[in-house]
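Peer 1: Handing you this structure, nothing more for now.
The values are calculated or read from the model by the stated rules, or taken from the named source; none is laboratory data. This one's a predicted model, so the numbers in the text were calculated from it and none came from an experiment. Neighbour counts are summed over all protein chains in view; Cβ atoms, including those assigned to glycine, are modelled from backbone coordinates with ideal geometry. In case anyone asks, the SASA skips ligands and DNA or RNA and just uses the protein heavy atoms, side chains included. Shrake-Rupley method; radii C 1.70, N 1.55, O 1.52, S 1.80 Å.
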Amino acid sequence: LSFFNVLAFRTCTHCPQDAFCVNATHCTCNHGYNSESGKKYFRFRFERCEDIDECKPPISIYCGVNAECQNIKGGFYCHCIAGYKLLSGKPQFKDSNENTCKKITPKTTNGTKEMQQVIEDTETLLTNKTGLQDTRNITLTVTEILQKVESDVLNAALAAPDQEIQKVQKNTVAVETQVVTDNCSKRVILNLNAQVNSMEIHCKDVIQGDIQGSSAVAFISYSSLGKIINATSFEEMNEKVYLNSQVVSAAIGPKKITSLSQPVTLSFQHVKVNPTDKKICVYWKSTNEGDRWSKDGCGLIQGNKTHTICNCTHLSSFAVLMAFHDQEEDPTLTVITYVGLSFSLLCLLLAALTFLLCKAIQNTSTSLHLQLSLCLFLAHLLFLTAIDRTENKVLCAIIAGALHYLYLASFTWMLLEGLHLFLTARNLTVVNYSSVNRFMKWLMFPVGYGVPAVIVAISAASRPHLYGTPERCWLHLDQKFIWAFLGPVCAIFCVNFVFFLMVFWILKRKLSSLNSEVSTIRNIKMLTVKATAQFFILGCAWFLGILQVGPAARVMAYLFTIINSLQGFFIFLVYCLLSQQVQKWFGEIIKSKSESEIYTLSSRFGPDSKPSEVKHITSITTI
C-alpha cells in the first residue's frame, strides 16, 4: 500500500461523530446531519457533523393543522398541539397526509360523593358563621374557613384522578377542579369556572415540575362570604371602598405552592353595576398583625361596569373592591358653609351672653336655650377648624366622635325644650307650676349630656374604625354606621313633632274659653311659636340632607347648607331680637351707655361751660 492509501484508510476508520465511512476512502455525515464545511464527502478527520433542524427555514416541515414540528438529533417528528390528539392514538407522526389532530374533550363529572360532601359541609359552615358580630375574630374565622375548604376540595379531586374535571354548585358555594396526569401534553392553559367567575392558570404551574404523579387545581366561588367579610378589612383605609364581587379561592395540590411562574388571570362579575367607581384587585393576606385584603402582587387588566379582569402572581383568595368616585366639591357651597357658620358662631355667642346676663328672662326655658346654643357653638367651631384634619387617623376619629356627640347633644336639648313646652302647657290649669320646673331641673342635665354620651360610647365601642373617613372626620357610611347619628335625630324629630301637636291641641281645646289676654297663655303661645320655628329650622334641615338624591340633589344640597349654616342666626333672632324683654334690656343698656357718655362730657366741660357748648352736647346726644 502507498503512503497515501495508508492515510486515507486511517482517515476513513477515524470518521467524526455522527458520520460513517464510504468505500474505505471517505467519510460522510449521517442522515439528518450536514458537515461543517458543507461537503458531502470528506477526508479531514477533524471535520464536524451538525444536526439539520428540519423545523426551521429553509426546510420548515409542515405537520398539518393543529400540529407542530419537533426537531430531534438526526431527524424530526410531528405531534398534535396541546388540547388535540391523533385519531390513531399515536403520540407522534411524520406524514401529515395520513394523520389528523382532533380536539380533546375532557371528561367532566358532577363530582364524586366526597366532593359533594365537602361543598355541603362548607355551605353549612358558612350559614352558621354569617351572623358573626365579633370583628376581632371574624378575619381569623374567615382564614380558617378558606384554608379548610381549599384543602378538602384538593384532597377530594386528587382522590379521583380518573375524573379529570369535577364541577359542583350549591346555593352559596361553587367549585371546579381539574386534575393533570399527562405532564401538560394536552393543555397549556387551564380554564376553570365557578358561578359567574372564571380563572386561567398555566398548566406548568399546576404540576410544579412533577411529571410522574397527579396534580390538581381548584377554583372555588363563595356567594355569601361577603356577608362575613367586607371591605372594612382593607389594609389601605385611606380609600373609601366596598366589596363588589364574590370571593373566590384558587389552590393547587398536592404541592401547596402559592408563587407562580406566570400570573393567574381572574375574571369577576360585579355584584352591583357601577361604571364610574375605581376597581381594585385584592387578595386575602394573612400576617401576624391580622388578616386583611391587600393589593400586593395583584393588578387590574381591564374592567367595565359589569366585569373586572385581574391578574395575580400568587394563589390565594381574591375579590374586587370598589373605591367610591368622589364628586367634585362645589366651591359655592364651601363659601356658603364657611361664611354662614362664621356668622352663626357670632350670633350663638351673642345669644349665650344674652341668656346669661339678661335677668328678666332667667328661667328653665332660658337654661335650655343656653345649653342648646353652647352645644351648637362648639359643634360649629369644631366643624370649621377640624373637619378636614384627616392626616392623623386617631385624631380624625376623636374629632368625628366629638362632632357626633355635640350634634347629638344639640338635638337632645331640642327634645328637652319640646318636653318642657308640653309639660308647661299641660299644667296651665294648675295653680302651682313649680313641679314642672323642679322636674326639668332634675332631668335636663343628665339627659341633655348623658344620653348622647351613651350613644357615642356604644357606637365607638362596637365600631371604632368607622369614626373618620379618608375625606372628612365624620362617620363612615359603611355598615350603615351613619344611622348612629341619623337614628337618634329621626327619633327626636318624631317625638318633638308629637309634643308640638299635643301643645297646639291643648291650647285650642283646654284654653279656648279663657281670656286670650292672660299673660301666661300669651307667653305659652309665643313660646310655642318660637319652639316650632326652632323645630323646623334644626330638625327639617337635616332631613334635607337625607333627601340629597336624584335630580333634586343639587337644590337640596344648597338648601341644607344655607339653613344649617344659619342656625345660630335663627336662634339669636327668634329668642333674643324678637323678645320684648330682651329688647327692653338692650334699650336699657343703650340708655345707660348714653347717660354715661353725657355725664363724661359734662364733667369734661364743667359747670361754667357756655350755653352754646351745652346745646351742642345735647344735640350730639340726641343724634
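Peer 1: Out of curiosity, is Lys148 more than 19 Å from Thr181 (Cα to Cα), assigned by the TED database to the domain that holds Ser286 and at pLDDT 80 or above?
Peer 2: On the way: more than 19 Å from Thr181 (Cα to Cα): yes; assigned by the TED database to the domain that holds Ser286: yes; at pLDDT 80 or above: yes.
Answer is yes for this residue.
Peer 1: Considering segment 60-88 alone, what residues qualify as being of a type in the set (Gly, Ala, Ser) and under 21 Å from Cys203 (Cβ atoms)?
Peer 2: Step one: filter segment 60-88 for residues of a type in the set (Gly, Ala, Ser), giving 60, 64, 67, 74-75, 82-83, 88.
Ala67, Ala82, Gly83 - these are the residues of segment 60-88 that are of a type in the set (Gly, Ala, Ser) and under 21 Å from Cys203 (Cβ atoms).
Peer 1: Kindly indicate whether any position in segment 15-28 is open to solvent by less than 70 Å² (accessible area, probe 1.4 Å) and within 30 Å of Ile81 (Cα to Cα). Even if it seems obvious, please write down each step before you answer.
Peer 2: First, pick out the residues of segment 15-28 that are open to solvent by less than 70 Å² (accessible area, probe 1.4 Å): 15-16, 18-19, 21-22, 24-28.
So of that shortlist, the ones also within 30 Å of Ile81 (Cα to Cα) come out as none.
No, that holds for no residue.
Peer 1: Would you mind telling me which numbered condition in (1) open to solvent by 70 Å² or more (accessible area, probe 1.4 Å); (2) closer than 18 Å to Leu225 by Cα; (3) not hydroxyl-bearing (Ser, Thr, Tyr) Phe268 fails?
Peer 2: Status for Phe268: all satisfied but (1).
Peer 1: Now a separate question. I need the full set of residues from segment 157-190 which are part of a strand (DSSP E or B), out of contact with any Gly (no Cβ under 6 Å at 6 or more places or on another chain) and under 19 Å from Tyr222 (Cα atoms), in order please.
Peer 2: Let us first name the residues in segment 157-190 that are part of a strand (DSSP E or B), namely 165-169, 173-180, 189-190.
Imposing the further condition that a residue be out of contact with any Gly (no Cβ under 6 Å at 6 or more places or on another chain) reduces the set to 165, 167, 169, 173-180, 189-190.
Once the filter is applied, which keeps residues that are part of a strand (DSSP E or B), out of contact with any Gly (no Cβ under 6 Å at 6 or more places or on another chain) and under 19 Å from Tyr222 (Cα atoms), segment 157-190 yields Lys167, Gln169, Val173, Ala174, Val175, Glu176, Thr177, Gln178.
Peer 1: Could you check segment 575-589 and list, in sequence order, the residues that are open to solvent by 50 Å² or more (accessible area, probe 1.4 Å) and either without any contact (Cβ under 8 Å) to a residue 40 or more places away in the chain or in a loop (DSSP other than H, G, I, E, B) (or both)?
Peer 2: Selection gives Leu577, Leu578, Gln580, Gln583, Phe586, Glu588, Ile589.
Peer 1: Another one. Could you check segment 331-345 and list, in sequence order, the residues that are in contact with a Ser or Thr (Cβ under 7 Å, 6 or more places away or on another chain) and either β-branched (Val, Ile, Thr) or not in a helix (DSSP H, G or I) (or both)? Outline the logic, then answer.
Peer 2: Our first condition is that a residue be in contact with a Ser or Thr (Cβ under 7 Å, 6 or more places away or on another chain); within segment 331-345, this holds for 333, 336-337, 340-341, 344.
Correct list: Ile336, Thr337.
Peer 1: Quick one: is Thr177 open to solvent by 10 Å² or more (accessible area, probe 1.4 Å) and either over 17 Å from Glu200 (Cα atoms) or among the polar types (S, T, N, Q) (or both)? Don't jump to the end; show me each part of the working.
Peer 2: On the way: open to solvent by 10 Å² or more (accessible area, probe 1.4 Å): no; either over 17 Å from Glu200 (Cα atoms) or among the polar types (S, T, N, Q) (or both): yes.
No; evaluated as a whole, the condition is false for this residue.
Peer 1: Condition first: aromatic (Phe, Trp, Tyr) and touching a Leu at 6+ places or on another chain (Cβ under 7 Å). Now tell me which residues in segment 267-306 satisfy that.
Peer 2: Quick first cut of segment 267-306, residues aromatic (Phe, Trp, Tyr) only: 268, 283-284, 293.
Selection gives Trp284, Trp293.
Peer 1: Can I ask one more? Please determine whether any residue of segment 415-431 is crowded, with 22+ Cβ neighbours inside 10 Å and small (Gly, Ala, Ser).
Peer 2: Checked segment 415-431: at least one residue is crowded, with 22+ Cβ neighbours inside 10 Å and small (Gly, Ala, Ser).
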